[in-house]
1. Report the charge-dipole magnitude of the chain in Debye, nearest 20, computed about the Cα centre from +1 at each Lys and Arg Cβ and -1 at each Asp and Glu Cβ.
2. Under the definition of Cα pairs under 8 Å and six or more residues apart, what whole-number percent is the relative contact order of the chain?
3. Taking the simple approach of a point 7 Å from Cα along Cα-to-Cβ for both SER134 and GLU167, what is their distance in nm?
4. Within the stretch 52-73, list the residues whose amide N lies under 20 Å from a label point set 7 Å along Cα→Cβ of SER253.
5. In which sequence would GLU152, GLU228 go, from the one with the fewest C-beta neighbours within 10 Å to the one with the most?
6. Quick one: what does P(r) look like for the stretch 185-326 with 10 Å bins over all Cα pairs, in whole %?
7. Modelled label-to-label distance, MET108 and SER183, 7 Å Cα→beta-carbon offset: nm?
8. Most fluctuating residue of ALA47, ALA26, ALA196 in a GNM of the chain with Cα springs under 10 Å: which is it?
Amino acid sequence: MSNVEDEPAERSMCTAGEPITTEPNAELLLPREVPLGGPRAMLVRRALPNRDRRMVGAWCFVDSYGPTDITGQEGMQVPPHPHIGLQTVTWLVDGEVWHQDSVGSRQMVRPGDLPLMTAGHGIAHSEQSPPDHSSNLYGAQLWVALPEGAREVAPAFEFHTELPRHELEQGAITVLVGSVDGSVSPATTYSPMVGASLDVVAGGRIAVPLETDFEHAILALSPGISVEDVEVPVGAMLYLGQGRREVALSAASEGRALLLGGEPFQEDLVMWWNFVGRSHDDIVTARAAWEGERDTDLLDRRFGPVSGYEGAALPAPVLPNARLQAKGRYRPHP
């Protein structure tokens with residue numbers, strides 16, 4: 001997934017020195033609409049990074065979209081673009097996305113599938129609704145920041161169709177990454193974290209076990225979701241802090257949400273465009289490498305070509321005039 005804003009903000013540098021509370025709290029993070037995929041872009045709801053909070057555990061970027069009627073339209077069309085220092089996670093509720101990347105992966109993603117791409121030192125990929133796509137597109141795309149010891153790993157792609165699932169009386173929990181109540185996802189992770197899809201029947205209520213050392217948030221994918229009796233609008237996240245043993249989720253109609261969490265990330269990060277680095281110079285170097293190799297036949301490439309994509313790769317935005325400056329993990333309230 002790409003951040004295709006023409007002027008991406010120097011939106012996060014997360015500092016390790018901030019205090020971390022272990023007391024449960026709740027903070028509603030409202031999304032903003034962002035165009036994804038060029039001049040005929042579809043709109044997505046971006047909940048992270050948020051003005052007041054930029055990460056939940058290692059989760060550093062959260063988009064949701066749909067359900068969107070794309071009948072007679074191109075749907076999602078994101079040209080080849082680069083990533084460093086992160087993993088990407090796609091979770092579909094409805095529709096299909098065709099994934100291609102520079103390590104040779106060619107994969108159609110459908111609801112219930114878990115594609116996990118590790119950028120590491122550098123990877124490029126594209127995402128497209130196929131020509132014969134379904135009428136609806138509905139889901140979420142997320143980034144996970146890699147810790148220092150893993151941010152230069154070799155790029156990789158893995159695809160999982162069998163995930164642990166807890167069937168409950170009034171819903172279900174599907175474990176995407178990490179573990180929930182002893183059920184462990186096969187997906188590769190590099191820091192203690194969790195991601196789970198939560199389904200609730202109409203008028204139902206479920207309780208989800210949590211790790212008390214983790215901070216957590218719930219992303220609402222459908223209307224009528226309430227978390228601990230707080231209504232969460234579609235595309236918004238309710239940040240829950242640390243110290244909770246479980247969270248209660250209810251739905252007025254059939255409801256869907258994502259649980260995201262992990263140990264609070266304790267490293268300095270700079271995030272700009274599609275790059276997660278540790279310094280201004282990391283970003284400059286990655287951008288220069290991409291601009292020097294995209295749409296060329298160079299053999300020595302950091303990111304590599306996305307073979308099979310018809311069309312030009314996505315150019316990098318212009319860097320701001322000033323150096324990218326540090327910003328905290330979250331902005332403390334006065």
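Nothing in this text is a laboratory measurement; each read-out follows from the coordinates by a stated rule. Treat the numbers as computed from the prediction; the structure is a model and nothing was measured. No Cβ is skipped: glycine too gets one built from the backbone with ideal geometry, and neighbour counts run over all protein chains shown.
1. 520 debye
2. Result for the chain is 24 percent.
3. 2.1 nm
4. Within reach of a label on SER253: 64-71.
5. Sorted ascending by nearby Cβ count, the order is GLU152, GLU228.
6. 10, 26, 22, 24, 15, 2
7. Those two pseudo-labels are separated by 2.7 nm.
8. ALA26
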